[in-house]
Each structure stands twice: as C-alpha cells, then as structure tokens.
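Worksheet: the structure to be examined is printed underneath.
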Amino acid sequence: MSNADDKQFERYLRNFRPINPEPRPLHIKTHSVSARRRSALAVSAVACLAVVALAFIVLSHGQGNESEQSASRPYSDADAFSRSNDAKRVELPTIALTKLALDNHQAFDKFMTDKTQSQFPPMNTEHSALRVLAMQ
Amino acid sequence: MPPTDQNMPPIEGLYRQYGGALLLFAISICGESSRAQDAVHQVFLKLIETDRFENALDPKAYLFASVRNFLLNDRKVRLRNVPIETDRIWFEPPDRDYAAELNLRRALQSLPDDQRQVVALHIWGGLTFAQVAEVLSISANTAASRYRYALLKLREAMLLKERSSV
C-alpha cells in the first residue's frame, strides 16, 4: 500500500468531525429538608427577637412620654391640692415637687404632710395602738 | 477542527477546539458516551478550578493525558467488561452520510483499544507521534507502529463493509 493512499485515507477520515460534548446539565441546588428546617428556625428566631426588641422600644418610649408629659405640664396649686387628697396613690415626680416647693411653699407643706400621714397607721379610732401608747 | 475565537478565554477556546476529539478519545478508552462526556467535563472543570493549566508545557497533550488519567483512575472503567456503545453517533459525517459514519464507527470499534486510541489522538486530536507517545506513556516508535497497523485494519474493515453493502 502506497504512502499516497495512506494520506488520502487520512484526509477522508478527517472529514468526519467528532461530535462535541453535550452541555453539562445544570444542577439547581435544592435545599434539603434539614437545611430548610434550619433556615425556618433561624427566621423564626430572628422574628421573635425583633418582636421583643420592638415591644421593649414601644414600652420604654411610652413610659418616657408619660414622665415627660407630667414634667412638662405646669403644676398648679389646684393640682397639688387635688392630688394631696389621695397622696397614697399619687406619686409626684421630683421635678414637680421641687417646682411646687419653690412656687407655693404652703401647698408643698400640705402635700408632704398628707403624704407623711398616709404612711402612718390611722390614729382616728379610739383604740388605735398609737393613741393607747400616747395615753400611757 | 473548528477555529477558536481570539477573544475567548484560553480554556474555553481549547474546549471548543478539542472538545470533540477529547470526547472521541475518551469513548475509545471507556466505551461509554456518558462516562466519556463526564470525563471531559470533569477535566475542564478541574482546570478552571485549579488553574494549573498555565504551567503545562504542551497544553494539547496535557488535556488528552488528563482525560486518560481521569478515566484510568475510575475503578468502574478499569474493571469494565462491557462492549463499546454502538447506539450513539461519534461523528458529524461529511454530506450527512450517516451510513459512512456508521461504517467508520464499526470499523473503529473493531480495533484493539490501544490502536483505536492512537488513531483518535493522531487523526482527530491532531497530536504528533511524540505527543501521542507522551499521552499514552509509550515510545514514539510504538505509537507510529500502532497507528500503521490501525490504519491498515481500518481501511480493510471499511472497504469490506462498503463492498458488502453494495
């Protein structure tokens, strides 16, 4: 067989082009059940934290407003008297008390007296412990 | 061989240029088209990941050697005892002559593994006998001698088939 025949046969073979590899299939990552469960837990934990933080902010903001309102409101004598009647329940803030002491000394004294008396046992009844002790 | 685009990244260019020949070479080793495709893809993916390709002295021979090593490392291929797949085409034939494609494919299948690999590397891979020798870890003379035997058998098988079909 001649060399020329070989070359011709090679040329013939080269006319056949090998097919190219098929595109590699794309594997879309699907999360496993455990991974999905973990992510759901993480999301719910974050949501809980957010709710707690929001509640804390709202509550602290509300309290701040309340104290700000009471502090900013001008304190009148009438207020002081009306409050002094149920001093057991009313707790005036320090700023309001200071203002009252500076502006109206008598009202302040009355308020403080009421407040002090409300903290002692009642002496009005005839057989109260304090009255019995005083008589002895 | 299809020409490569100058603006293309080097690895993509090589994939486009030698993908078909690499696939044919891989089929000639393992006999299974799907495993051969997987081998070619894995080699290129590894090249992209490791970027060791830059250091290769002969990129073309390196590619073919990588595909061969990948397949030889696969235990399933080493222990294979299955005949070469015959149901999928290996070539795009000239003038859509699929009868000639089938004829060539059958002739290639009839060759011994080592001769088929040399033919695939030299004819469709465009490797010189020195490069073929490097890829297959044999001497260049052995590569040339296997090629001559393979070409002779290939032509005889194809002529025989053509005569029988006429």
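Note on segment B:15-35: among residues that are among the hydroxyl-bearing types (Ser, Thr, Tyr) and more than 17 Å from B:Leu104 (Cα to Cα), the one that is modelled with the highest pLDDT is B:Tyr18. Of the candidates A:Leu49, A:Leu41, the single residue that is at pLDDT below 85, surrounded by 10 or more Cβ atoms within 10 Å (Cβ to Cβ) and not small (Gly, Ala, Ser) is A:Leu41. Condition test on A:Val33, is it at pLDDT below 85 and more than 14 Å from chain B (Cβ to nearest Cβ)? In short, yes.
Once segment A:8-24 is narrowed to residues that are among the polar types (S, T, N, Q) and facing chain B (nearest Cβ under 7 Å), the residue that is farthest from B:Phe44 (Cα to Cα) is A:Asn15. If the condition is being outside any helix (DSSP H, G or I) and either at the interface with chain A (Cβ under 10 Å from one of its Cβ atoms) or closer than 21 Å to B:Val119 by Cβ (or both), then segment B:11-54 contributes B:Gly31, B:Glu32. Quick test of your reading of the structure: A:Asn104 fulfils all but one of (1) modelled with pLDDT of 85 or more; (2) loosely packed, with under 11 Cβ neighbours inside 10 Å; (3) polar (S, T, N, Q). Name the failing condition by number. Status for A:Asn104: all satisfied but (2).
In segment B:110-151, of all residues being within 14 Å of another protein chain (Cβ to nearest Cβ) and β-branched (Val, Ile, Thr), the one that is farthest from B:Gly20 (Cα to Cα) corresponds to B:Thr128.
The values are calculated or read from the model by the stated rules, or taken from the named source; none is laboratory data. Computed from a prediction, not measured in an experiment: that's the story for all the values here. Note that each Cβ is placed from the backbone with ideal geometry, even for glycine, and that neighbours are counted across all protein chains shown.
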